[in-house]
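Presented below is the structure to which this report refers.
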Amino acid sequence: MQLSKAGSPASPNYTITPEASRTQVMDAISRVRSSLDGVLLGKSGQVQLALACLFARGHLLIEDLPGMGKTLLSQALARVLGLSYNRVQFTSDVLPSDIIGTSIFDRETGTLKFMRGPLFAQVVLADEINRATPKSQSALLEAMEERQVSVEGQPLELPEPFFVIATQNPVTQSGTFPLPESQLDRFLMRIALGYPDPDAERELLRGGDGRRKLADLEPQLDLNGLKQVQSAVDAVKVADPLIDYVQRLVGYTRQGGEFAYGLSPRGTLALLQAARAWALLQDRRHVVPEDVQAVLGPVVEHRLRESADFSGHGGGALVQKLLSNVDVV
Amino acid sequence: MAAEDRAGIGSQIPRNALALLMVAQAAVVLPHAMQLSPWIIIVCFVCGCWRTLVYQGRWDFPSRIIKAALVVSGSIGVILSSSNGFSLEAFVSLLVLAFAFKLVEMKSRRDAYVVIFLAYFVVATEFLFEQGLFVALYEFLAVIIVTAAMVGLNQMHTRVRPMASVRLATSLLLQALPLTVVLFLFFPRVMPLWNVPVPGNNAIGLQEEVSPGDLAELTQSDSVAFRVVFDDGTPVLYKQLYWRGVVYNVLEDGRWKAGDVPPGQPRIRMGASRQLGYEVLLEPTAQNWLYGLAVPAQLDARAKLTPDLRMLTRDPILSVFRYRMASAPGADFGVRLTEPEAQHETYIPEDSRNPRMDGYARKLYLSNPDTERFAEALLSRIRSQPYHYTLNPPALPRSGYIDSFWFDTQSGFCSHYASAFVYAMRSVGIPARMVGGYLGGELNPLSGHLVVRQYDAHAWAEVWVKGKGWRRYDPTGAVAPERVEQGLAAALSSQDRQSLSALTNARMGDTSMLGRMLYMFDSVEHNWNMFVVGFDGGVQEKFLSRWLGELTPARVGLVMLALGALCLALTALLLFFRRRPKSRDPVVRAYRRFVARASRLGFAQEPGETPGAFVARVGESVGVEPDQVQALTTSLEEALYNPEARPKTAHELSRGLRRLSVRLTFAAH
């Protein structure tokens, strides 16, 4: 197991005032995007999805093969948003107390003193989360949904905001414990990075290594700025025809044999909120079906399972089916 | 065997379908328990248990040898237990046995489908025995379960939800109901096909011959003999309702028998008497005579009137038989008697002689030499002597029983009195015979029809009076006038009444709550018989010709097709609208109209294509300027998805869409 304190909140070089106008919000967003794009070459789509996830106050799960830049993306996100972050490298011997913290006997006062674990940070990078045993995985569970942890029966508040950005290797890799559905459902999105395109890879080979650039990355938002962006997401409007579309999508998953089970109401809310954030990133004040379709895959793929697929994690084809079988209007 | 073992998960029978199949089997076999020998039902039960054990993995599927042994022994068992050869029961027994064995051996989906189709067939065979309303309702439920098993067979293995299958099956069957009604009303009843063959032994009623005491057994039964609907209300006088059925005019071995039909035509003198029209729904009797009031004036074409006024059908009555007739109560018949008839109706074989009765009758006839006065004298003896009317008369000797009844025991049932009366007539040479039928009936106040039950069975006498023809004499009226005037219950001692069936209005009276409910059940059953079971070829023809005029096959076929198509269309529309509710939103409606129009012109919307993308694609392909397309998509998206901008842009949008439609139309031509 390794724990590494990767950084503390750095001072942002730009602050937006509480009465920030929408233009300011959009400016901040585009700065965040461009500095992330500088680090992750040729991955602007995934960067946008990851940002949409965090702006929608959701936890993010990045799944891909080792070496595709998962950790890089998560670290870059935390740095750019100017949040305190801790990284937990999950292995099969990580214990819940390694994540939450543990009580240590203080010889001077003669009492037990709680030593906070790496969970107490605004961004927790849970690296290779599916290499941990279910026991440790579930330590994250309460934290993610309730944004608090219980230590010896006492609830302890986690910092505000609190994001979990987890990375995992595909379940087909050896040495993985698949996350249970209950825990998967708590991640707003699951994204994959994929191989870089040839141009981006060429630049990478020329010496544009993201990891070196990461050190130079400046925070582009502060806590207040993030709150502004989040409330701008909430202000994005949704019309009845769009809610009809979302309901048709969700209804389709709940009937018909090919879905093992339908989307939960939490999944429905997540879909709409993610679509709002995506609409904001596209500088729209209302959600259009394109926004829903853009986030549909990342939001619902990990929540769906084919009836015939006992091992799960085959939601991609189902999303295609949803997209092509459900009427938009 | 090996092939079945190799078959994958896809050809296995899902768990819930297996459970439903077994429930379905129990449900469809259960009503057959009434007709089939008990051992077949036991075999079915054992097979069900066996299958359960196979499912639990405790027993194995039967081996080939055991299967062969079961089939052979089952067939032999059916042959041995069927009393009258290749009867309907035997074939149904064979079907039910095969059905039970198939359940045990089935392994794959294909077997399960065979079991399901057998189950539907077993349901159909039950209607060969019973066509009552409750049986029909029960079988409808059974069909739902069978259909649910079929639905379950097609469910995913991971979804084990029997109730969902039952719900789906119910809605499927309910959707099929309108079409069923159309087929019921219009499908031609091809005669040999629609006639139900040999019923079971459960038809009861009057038999071809009668010995004293037979009718007393009938009174233990409360089952319905027939129901009558009078054209103009019911005649109030109970004692007029002598339902004539069978004529017992041959005395043989101490028993009265229905003799052969005498040659010739019925000789009826109508006079000026009023005619009474009515319709009878006769329950199956397994006999070939009908019941009606004397004297039949008009008769259904399917029955023939014999000289002794029996109404005979060609075949035994095996299902509810519905016929119309009219009677003239005041008419005379058989005024002139031919010599062979007179001989036949006065004949007493030597071995059936009752010497004391012969002597008594001769003496009485000497002092009353006229037929009517002689009959009156006999009746007054019954009235004045201590004669009793009882359902449980003391046992009588086999030979000379009329003597011992008339002089010694002096207590008996209607058939005792009638047979003694007829014997006395014949022994002095007056033509007389016994008539069997029913007396009275029970008026159902709810639907106004008359129910005649088996306990209304009655026997009386007919005596030929010179110049007047055959006259009815009921000696029972002399000993128990209540029987003739008010019905059986009134005539019985309280002890006798206890032996009647409990659940009848005769026992309950008609004031209690239960009594009213019995009337209600009766009228429901009556309507069922009248409009469903009684809807036979003749009634159908009358019904159809009222609506269609002349009945040609083409006309009936066309109407059946049209109405069937209408039913299917209605169901389809219902399903369509439930799937896709019409939007009330004017913008959505305008857009849908546009999509429909564009698709007619050859620009179909791709699945999952968003409105903006669709309009942009269509606009570009007909060569609209890019900035116009842009403006239109923007206003479309605003109108549809921006809640604040909607009222402003809606008008603009529909104009834009209309313009684009026009462009599309031009482009398409």
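The values are calculated or read from the model by the stated rules, or taken from the named source; none is laboratory data. Please read all numbers here as calculations on a predicted model, not as lab measurements. Cβ coordinates were reconstructed from backbone atoms using ideal geometry, including for glycine residues, and neighbour counts include every protein chain displayed. Ligands, DNA and RNA are stripped out before the accessible areas are found, and what is left, the full protein with its side chains, is counted by its heavy atoms. Shrake-Rupley method; radii C 1.70, N 1.55, O 1.52, S 1.80 Å.
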Inset, instruction - Only residues that are buried (at least 21 other Cβ atoms within 10 Å of the Cβ) and either aromatic (Phe, Trp, Tyr) or more than 14 Å from every other protein chain (Cβ to nearest Cβ) (or both): list them for the stretch A:234-245, please. - result: A:245
Legend entry - the stretch A:284-298, subset open to solvent by 20 Å² or more (accessible area, probe 1.4 Å) and more than 17 Å from the chain's Cα centre (by Cα), residue farthest from the other protein chains (Cβ to nearest Cβ): A:284
Legend entry - Which listed residue, of B:509, B:437, is at pLDDT 85 or above and small (Gly, Ala, Ser): B:437
Legend entry - Filter result for residue B:24 (of a type outside the set (Lys, Arg), touching a Gly at 6+ places or on another chain (Cβ under 6 Å) and either surrounded by 16 or more Cβ atoms within 10 Å (Cβ to Cβ) or closer than 30 Å to residue B:164 by Cβ (or both)): no
Legend entry - Count of residues meeting criterion [facing chain B (nearest Cβ under 7 Å) and modelled with pLDDT under 75] in the stretch A:303-329: 1
Inset, instruction - List the number of the failed condition for residue A:266; all other conditions in (1) within 14 Å of chain B (Cβ to nearest Cβ); (2) surrounded by fewer than 16 Cβ atoms within 10 Å (Cβ to Cβ); (3) within 30 Å of residue B:165 (Cα to Cα) hold. - result: (1)
Legend entry - Unmet requirement for residue A:207, which otherwise passes all of (1) in contact (Cβ under 8 Å) with a residue 40 or more places away in the chain; (2) away from chain B (no Cβ under 14 Å); (3) of a type in the set (Gly, Ala, Ser); (4) out of contact with any helix residue (DSSP H, G or I) (no Cβ under 8 Å at 6 or more places or on another chain): (1)
Inset, instruction - Could you grab the pairs with beta carbons closer than 7 Å, sequence gap of 6+ or different chains, first residue in the stretch B:252-271 and closer than 24 Å to residue B:313 by Cβ, second one open to solvent by 60 Å² or more (accessible area, probe 1.4 Å) and in a loop (DSSP other than H, G, I, E, B)? - result: B:257/B:208; B:258/B:208; B:267/B:336
Inset, instruction - Mind telling me which of the residues A:87, A:79 ends up being out of contact with any helix residue (DSSP H, G or I) (no Cβ under 6 Å at 6 or more places or on another chain), assigned by TED's automatic domain parsing to the domain that holds residue A:125 and not in a strand (DSSP E or B)? - result: A:79
Legend entry - Criterion: at negative phi, more than 14 Å from chain B (Cβ to nearest Cβ) and not in a loop (DSSP other than H, G, I, E, B) - qualifying residue of A:212, A:248: A:212
Inset, instruction - Answer with yes or no whether residue B:36 is at pLDDT 80 or above and either surrounded by fewer than 19 Cβ atoms within 10 Å (Cβ to Cβ) or part of a helix (DSSP H, G or I) (or both). - result: no
Legend entry - Residue under evaluation residue A:220, criteria (1) within 14 Å of chain B (Cβ to nearest Cβ); (2) open to solvent by 10 Å² or more (accessible area, probe 1.4 Å), criterion not met: (1)
Inset, instruction - Read through the list (1) in contact with a Lys or Arg (Cβ under 9 Å, 6 or more places away or on another chain); (2) at pLDDT below 85, then give the number of the only condition that residue B:392 fails. - result: (1)
Inset, instruction - Return a yes/no flag: does the stretch B:126-144 have any residue that is more than 19 Å from the chain's Cα centre (by Cα) and of a type in the set (A, V, I, L, M, F, W, C). - result: yes
Legend entry - Evaluation of residue A:191 against (1) farther than 18 Å from residue A:36 by Cα; (2) surrounded by 19 or more Cβ atoms within 10 Å (Cβ to Cβ) (one fails), failing number: (1)
Inset, instruction - Would you please name the residue that is farthest from the other protein chains (Cβ to nearest Cβ), looking only at residues in the stretch B:565-591 that are under 30 Å from residue B:187 (Cβ atoms) and either surrounded by 16 or more Cβ atoms within 10 Å (Cβ to Cβ) or of a type in the set (Asp, Glu) (or both)? - result: B:567
Legend entry - Subset of the stretch B:592-627 (residues that are free of Cβ contacts under 8 Å to residues at least 24 places away in the same chain and away from chain A (no Cβ under 14 Å)): B:600, B:620, B:625, B:626, B:627
Legend entry - Number of the condition not met by residue B:60 [criteria: (1) open to solvent by 40 Å² or more (accessible area, probe 1.4 Å); (2) at pLDDT below 85; (3) in a helix (DSSP H, G or I)]: (3)
